[in-house]
Amino acid sequence: MGNSRSHRGHVGRCPAPILRHHLSQATGRALILIVLLVIAPASIAAGTNLISERAYLEDPSGTLTPAEAIAGQYTPFDGMLSRGYTPSVHWLELQIAPDARESGPLVLRIRPTYLDDLQLYAPPAASAREPRLLDTTGDLHPWSDDAYGSLNLNVLLEGDEIPTTLYLRVETSSTTLVYPQLKTLEQALRADRQLDIWGGLLIGALAMIMLWGILQWRADRDWVMTSFVLKQAAVLTHAMGYMGYWRIWFSDWIDPALLNQIYAINIYLMTVSAIAFLYLFLREYQPNRLLLHAFGALGLLLPVQLALHASGNILIAVNTVSVQALIAPVMTTLLALTARVWRDPETDTTALLSRPALITFFGLLFVMLWIYVLPVLGVISFSPLTLYGILCYNLITSTMMFWVLQIRSRQQTKQLIRHAERVHFVEKEVERERERSEQHARFLGMLTHELKTPLATIRMLIGSDTRPGQQIAAAVHEMDQVIDRCVETGRLEDDHVMPNRTRFDLVSTVRRSVARRSEATPALFVHCDPDRIELDNDAQLVKTIIDNLIDNACKYGAADQPVHVSTNLQHRGHTRYARVSVTNALGRCGAPDPERVFQKYYRGQAARGRVGSGLGLYLSNGLAQTLGGEIEYTLEPLSHPNQVRFSLWLPA
């Protein structure tokens, strides 16, 4: 059967960016639920509180004795005490509800967990002169020292030692933010289980976002994704420390004071990594350059903060972080307002947010960060959301940035795909042009070579005294064949061959083709059974195919052996076909390669000394397919081939 092959496009495997796209979608849906759960810190911070009244006393020098502090003048406050960054020691006077002492063991829960040293006192008994120290806790004390352990700082009160008034001494190197709660043991256990769940969801959400960033970074490796991953790593470790996980995991084998120093350094690194990320992110939007450089300069405070920390001025160093947190959202909002990338006609903005979306995004960041920072500085009191404000801010901003970067990544992936498609198209066009050039060169070479022989014959005969008209006619006929096949091949490849289907007798067509060739090839035999085969097809195209097959057999077959042409009717499956077979013995050129016999310009090495275009079988096979048939090529017998058969099959 003819060796024409149909090539089908291969369905490629799903590329890595599309896999990341599906992973991002699944992660995004999961984060929606997690964020909705974690955004409710008020329910964790609130709840039953057996403290009826609260008041505080500021000790600027930190030298008051417990007795002096108890005797001092206290200022009432509600809910949570927020005094900002101050070196002062603060004393809290906590009045216990009258019926609380009858509820069994009580747990005094103090948050946040970064408070350095907490000392709980009871007023002196009637027979005593000095207040009684009930317990100590804080992040400078090992977690295993707590009688009641949880993510919070706790003091367990039980038995007869529960007084009606408690005095809590608070000393910290960070902002003075204190939220005391007194609960029964059962209430404390229930609240701590809730906190464990919320904390796990929070850490899990931040870890998922960081994991997504790492996966995206491995694919993109650009500076924006690199800074995002570093920022998320700092945010994740800070959240673990803020929630109290550091104290639980490490305080028994790392000095709590050293752990406290590491946590402070983590805060500096988290801040500067966030500034670096936002700087790189906003730079793509072409904001005001002077303002952008000024914003980037905020990150240069890191060496100053580390120097202050090393010299013991930790409170000042940490306070500069809050200053950065106040200034940064103002500057990022201004940078969003001055962004002008959309005005640049040469910049592809498909991977960027729109201007309203960018301004809205950074406006929300502005509001959320100030809601947290102002209470930390002691400017306003916003209990109890402030207690977990930084965690909520980090989670919300990380989630928002996750979606922004996801959109950015998705658009970049589309850009890469479009670019790859353009490159592929250009490469295909270059390849096609190269093939056309090669075919053109081969065609010219073939045409030049094949016309030389008949032209030389004509020149020789014209210059002689004889007038052998038959030889001149044969030479001209060979030139006509070359030219006709070139023309027909061009029409076939340009889809300009439109079959003109009429009713005709195939046997008569075959006999005319044999008669035309028998003058030059006497040993040409034809056998037709039946004597008449009616076809509805293009008679001229069918004759062209038969002429090419007979010419090919006479030209390349053994000179001393006959060429046999036969016609018959056969069934292939449920369809009846008319078959025209042309058989010749192998000549000196040998048998053509079955894999290449129908290729354009193909000629066997030994056949290149004969006149020919390399287009006859290519053209015949293409025309046969156009007519709904095919050409079959076989070597006979299979064990020791000594003859070649080409068979034209046409529906009858």
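The values are calculated or read from the model by the stated rules, or taken from the named source; none is laboratory data. Worth saying up front: this structure is predicted, and the values here are computed from it rather than measured. Please note: Cβ atoms are built from the backbone with ideal geometry, for glycine as well, and neighbour counts cover all protein chains shown. Remember, those area values only see protein heavy atoms, side chains included, never the ligands or the DNA or RNA. Shrake-Rupley method; radii C 1.70, N 1.55, O 1.52, S 1.80 Å.
Values computed for the structure shown
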| quantity | calculated |
| --- | --- |
| Members of the range 576-588 found to be open to solvent by 50 Å² or more (accessible area, probe 1.4 Å) and modelled with pLDDT of 90 or more, listed by number | 576 |
| Failed item, numbered, when residue 559 is tested on (1) of a type in the set (A, V, I, L, M, F, W, C); (2) in a strand (DSSP E or B); (3) open to solvent by 20 Å² or more (accessible area, probe 1.4 Å) | (2) |
| Meets criteria (at pLDDT 90 or above, charged (D, E, K, R) and surrounded by fewer than 21 Cβ atoms within 10 Å (Cβ to Cβ)) for residue 218 | no |
| Any hit, the range 22-32, residues being at pLDDT 55 or above and either under 48 Å from the mean Cα position of the chain (by Cα) or surrounded by 15 or more Cβ atoms within 10 Å (Cβ to Cβ) (or both) | yes |
| Qualifying positions in the range 74-114 - out of contact with any strand residue (DSSP E or B) (no Cβ under 8 Å at 6 or more places or on another chain), assigned to a helix (DSSP H, G or I) and touching a residue at least 12 places away in the same chain (Cβ under 8 Å) | 101 |
| Answer residue from the range 507-546, given it is under 23 Å from residue 642 (Cα atoms) and in contact with a Lys or Arg (Cβ under 8 Å, 6 or more places away or on another chain) and is surrounded by the fewest Cβ atoms within 10 Å (Cβ to Cβ) among those | 526 |
| Count of residues meeting criterion [without any contact (Cβ under 8 Å) to a residue 24 or more places away in the chain and farther than 18 Å from residue 395 by Cα] in the range 193-225 | 5 |
| Complete set of residues in the range 150-180 that are farther than 21 Å from residue 56 by Cβ and touching a Lys or Arg at 6+ places or on another chain (Cβ under 6 Å) | 162 |
| Considering residues of the range 181-212 that are assigned to a strand (DSSP E or B) and touching a Lys or Arg at 6+ places or on another chain (Cβ under 7 Å) only, the residue farthest from residue 113 (Cα to Cα) | 183 |
| The listed residue being outside any loop (DSSP other than H, G, I, E, B), at pLDDT below 95, over 28 Å from residue 322 (Cα atoms) and open to solvent by 20 Å² or more (accessible area, probe 1.4 Å), out of 144, 127 | 144 |
| Residue identified as within 27 Å of residue 397 (Cβ to Cβ) and in contact (Cβ under 8 Å) with a residue 24 or more places away in the chain among 156, 177 | 177 |
| Elements of type helices (runs of 4 or more DSSP H) contained in the range 243-313, each with 3 or more residues being crowded, with 19+ Cβ neighbours inside 10 Å | 256-283, 301-310 |
| Single residue of 57, 133 found to be over 58 Å from the mean Cα position of the chain (by Cα) and part of a strand (DSSP E or B) | 133 |
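Let's see how each residue does on (1) modelled with pLDDT of 85 or more; (2) part of a loop (DSSP other than H, G, I, E, B); (3) of a type in the set (D, E, K, R); (4) at positive phi:
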{"position": "597", "(1), (2), (3), (4)": "yes, yes, no, no"}
{"position": "601", "(1), (2), (3), (4)": "no, yes, no, yes"}
{"position": "611", "(1), (2), (3), (4)": "no, yes, no, no"}
{"position": "621", "(1), (2), (3), (4)": "yes, no, no, no"}
{"position": "628", "(1), (2), (3), (4)": "yes, yes, no, yes"}
{"position": "632", "(1), (2), (3), (4)": "yes, no, yes, no"}
{"position": "635", "(1), (2), (3), (4)": "yes, no, no, no"}
{"position": "646", "(1), (2), (3), (4)": "yes, no, no, no"}
